[in-house]
Amino acid sequence: MPRRKDDILDRLLGGISLRSIAFHQATLFVVATAIMIGGAIFLWERHQAKIVNLEEFRLTEEKIQLTAPPVWAGDNLKQLVISGVTDANEQPVADGQNSQRSSASILDTQLVARTASVMKNVGYVERVKSVHKSKSGLEIDVVYREPIALVELSKHTFPYEWPENYHGKDVLLPVDRLGVVMPESLGAGLKLPRILVVYPVASPNQLEKLVTWADWPDERIKDAAAISALFETSADAIGLARVMTRRKPDQQNVAQISYELWPDSGAQVIWGNAPGKEVDGEAKADVKIRALEDFVLKYGALHRQERKRVDIRSGVVTLAKEAKTAANEEDVFANLK
């Protein structure tokens with residue numbers, strides 16, 4: 001029986017040739033359709049000016065609907081889109097002459113892709129949700145970055161290395177929920193939780209190398225920003241002033257060294273790890289948030305309570321043993337307690 005099956009298969013395959021595939025009706029149909037579509041696009045790009053009134057379809061600011069940018073954004077994003085799409089549509093001419101610049105058009109078959117590309121390159125755009133075009137113009141829906149916390153750069157975070165010219169001054173650099181570096185000016189006057197870690201960069205001299213709109217080069221900052229984002233609308237009510245950890249730069253994966261939520265004074269909360277990075281036996285972020293909110297509702301905001309430490313890593317608030325780190329000279333945060 002196995003031999004008979006092999007003979008049938010051999011006969012079926014023996015009847016198939018490249019010639020029969022190439023000239024099969026289905027193959028010819030696919031090829032003809034592809035040629036027709038490609039030809040239509042080519043002819044449209046070359047002769048659309050003779051078919052329609054291009055001025056009617058010229059992309060202008062009035063024809064762009066865009067998610068309202070944050071008040072601190074100084075760019076005209078609509079004009080940026082028009083310029084970016086126009087530059088991408090620039091057509092070279094023969095013999096090395098100057099490029100021929102054409103206006104951005106709603107009829108451009110690559111308009112949506114080019115618009116998305118332009119918006120993705122805007123530093124304070126976190127992500128592009130959608131880009132739609134219609135006869136009336138473009139609809140662009142994006143999510144903008146917002147400062148969620150301030151990374152503290154001071155004598156506390158750079159023990160024994162804080163420059164003399166910064167004596168008595170702290171530098172506070174805002175980051176968004178993903179830990180992306182934002183301009184220092186955006187943090188002015190904002191009441192946001194501070195992120196407190198030892199050596200957020202290798203040394204104070206490295207501060208100048210931080211690139212605006214790039215990821216902060218330290219996972220601890222990203223984790224602390226993610227935790228801070230959980231309290232974007234409730235930090236004041238809870239009394240949250242700092243998100244901190246004693247984890248050192250070379251201890252990135254030490255789960256036992258948790259992040260903590262500190263008020264300016266009062267009850268400190270041992271939080272645990274960043275959302276999505278919980279270890280075995282640790283509750284998820286939403287469970288810990290509910291436990292903390294119930295705790296605050298019962299006893300008051302953290303800064304209005306007596307000095308103590310509570311642990312919510314399990315999802316249940318428990319009184320933590322007082323860590324004897326204040327007398328430890330290696331604890332550079334002892335004087336903040």
Whose amide H sits under 5 Å from the amide H of E126, counting only residues 5 or more places off or on another chain, with H placed in the peptide plane? V143, Y144, R145
Before I look further, what does region 138-187 give for accessible area per residue, probe 1.4 Å, in whole square angstrom? 44 Å²
Relative contact order, percent, of region 127-203 when contacts are C-alpha pairs under 8 Å separated by at least 6 residues? 31 percent
For each pair in K133/K209; K120/K209; K133/K284; K155/K288; K120/K288, compute the distance between the two Cα atoms and list the pairs where it is over 30 Å. K133/K209; K133/K284; K155/K288; K120/K288
Scoring region 215-278 by relative contact order with C-alpha pairs under 8 Å, at least six apart, yields a percentage of 31 percent
Built amide H within the under 5 Å cut-off of W271, gap 5+: Y259, E260, L261
Relative contact order as a percentage, region 178-225, C-alpha pairs under 8 Å and 6+ apart, gives 63 percent
Can you send over the carbon and sulfur percentage of the accessible area for region 93-207, probe radius 1.4 Å, protein chains only? 46 percent
Treat each spin label as a single point 7 Å out from the Cα along the C-beta direction, and report the A68 to Q251 distance in nm. 4.6 nm
Phi-derived 3J(HN,Hα) across region 156-161 with the Karplus relation (6.51, -1.76, 1.60, θ = phi - 60°), rounded Hz, x for Gly and Pro, is 7, 8, 10, x, 6, 10
What's the center-to-center distance, using Cα atoms, between region 134-158 and region 208-226 in Å? 13 Å
Counting Lys and Arg as +1 and Asp and Glu as -1, what is the net charge of the other residues whose Cβ lies under 12 Å from the Cβ of V269? +2
Please report the carbon-and-sulfur percent of the accessible area for region 236-309; probe 1.4 Å, protein heavy atoms only, DNA, RNA and ligands left out. 48 percent
Using the per-residue mean of other Cβ atoms lying within 10 Å as a proxy for protection, in what order, highest first, do the peptides 70-80, 216-226 fall? 216-226, 70-80
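The values are calculated or read from the model by the stated rules, or taken from the named source; none is laboratory data. These numbers come from a predicted model, not from an experiment. Counting neighbours? That spans all protein chains shown, and the Cβs are built from the backbone with ideal geometry, glycine included. All accessible areas refer to the heavy atoms of the entire protein, side chains included, with ligands and DNA or RNA removed. Shrake-Rupley method; radii C 1.70, N 1.55, O 1.52, S 1.80 Å.
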